[in-house]
Amino acid sequence: ESISVTDALTGLPDRRGATQRLEARVADGAARAALLLVDIDYFEELNERFGHDAGDRALVAVARCVRESCDTGDLVARWGGGTLLVLREDTTQEAMFALAAHLRSRVGDLQFDGGAGAPAPLSASIGAVPLPLFPRGNGGWQGAMRAADRALFVAKRAGRNAWAGLWGVAPAIDPVRALADMRMALAEGWLVVGGNRPMDWSEARPLPAAGMDAGVAPSGAPVPRD
């Protein structure tokens with residue numbers, strides 16, 4: 001049973017195992033958690049330039065780095081492609097933003113040997129949100145995942161090697177409504193945003209094609225973000 005929900009390459013829980021944990025977390029109704037998507041920058045280009053074996057080594061290195069940089073009780077899983085998911089229970093806005101900044105810095109310290117000479121640096125873009133997105137909010141973990149994907153998109157648009165975070169402060173707000181009009185949500189004080197550099201939250205995340213959910217295609221392959 002454990003093998004069936006474990007990613008063979010990284011040794012982390014896979015998307016199915018992570019989904020089971022997320023569903024159990026929502027059903028439990030505990031205090032708000034932090035949900036982060038950690039996406040290796042230019043992962044597809046890395047595979048194309050150095051080969052998939054080298055890409056696998058880079059992914060394993062980043063997965064190990066993120067796992068070692070998190071607490072023992074945190075869930076660290078491979079969500080798909082070059083994207084990892086981190087879930088930390090019972091947290092605050094300040095702690096979540098600090099975790100996102102810490103993970104970005106730790107991954108940025110890695111050196112990647114693609115077998116073509118001098119080692120090259122690795123970096124990651126990170127989207128961080130609470131689960132649930134708003135206090136006493138609805139939308140389940142899927143609503144929080146869409147918000148994390150939006151934050152990840154903002155981090156990438158800001159130049160990558162960046163983290164972007166959203167924290168809902170208004171009670172019982174519909175996540176879909178807030179994400180559809182970020183200008184309004186920020187003006188109304190529904191959300192607090194953070195990041196390691198100035199970022200533009202006003203541009204909408206391109207909607208996935210029908211049947212796609214939170215950055216992953218029906219086949220399990222990541223929706224291209226680069």
Degrees, to the nearest 10: 140-157 long Cα axis against longest axis of the chain: 60 degrees
Tilt relative to the chain, helix 93-108 - C-alpha long axis, 0 to 90 degrees, to 10: 10 degrees
Angle in degrees between helix 52-69 and the longest Cα principal axis of the chain, rounded to the nearest 10: 50 degrees
Nearest-10 value in Å² for the accessible area of Ser4, using the 1.4 Å probe: 60 Å²
Equivalent ellipsoid, the stretch 60-110 (semi-axes from 5 times Cα gyration tensor eigenvalues, Å): 18, 13, 10
Highest-fluctuation residue, Pro13, Pro171, Pro130 considered, GNM on the chain with Cα pairs under 10 Å: Pro171
Of Gln20, Gln93, Gln142, the one that fluctuates the most in a GNM where the chain has Cα springs shorter than 10 Å: Gln20
Dmax and Rg, reported as Rg then Dmax, of the stretch 1-111 (C-alpha, Å): 14.4, 45
Volume per residue of the C-alpha convex hull in the stretch 28-80, rounded to whole Å³: 92 Å³
Residues with amide H under 5 Å from that of Leu133, placed H, sequence gap 5 or more: Ala144
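Hey, with R₀ at 30 Å, roughly what FRET efficiency would Asn138 and Ala187 work out to, going by the Cβ-Cβ distance, to 0.05?
It comes to 0.85.
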CD proxy at 222 nm, helix term only [per DSSP H run n ≥ 4: -39500 (n - 2.57); per residue of the chain; nearest 500]: -12000 deg cm²/dmol
Calculated semi-axes √(5λ) of the Cα gyration tensor in Å (choose from [x] 41, 20, 16; [y] 27, 20, 16; [z] 33, 20, 17), label: [y]
Amide H within-cut-off set for Val169, under 5 Å, with H built and near neighbours excluded: Leu191, Val192
Highest-fluctuation residue, Gly139, Gly159, Gly17 considered, GNM on the chain with Cα pairs under 10 Å: Gly159
Beta bridges by DSSP in the chain, antiparallel share as percent, to the nearest 5: 90 percent
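The values are calculated or read from the model by the stated rules, or taken from the named source; none is laboratory data. The model shown is predicted, which means the values in this text are computed figures rather than measured ones. Methodologically, a virtual Cβ is constructed for each residue, glycine included, from the backbone with ideal geometry; neighbour enumeration extends over all protein chains shown. With ligands, DNA and RNA removed, areas are computed over all heavy atoms of the protein, side chains included. Shrake-Rupley method; radii C 1.70, N 1.55, O 1.52, S 1.80 Å.
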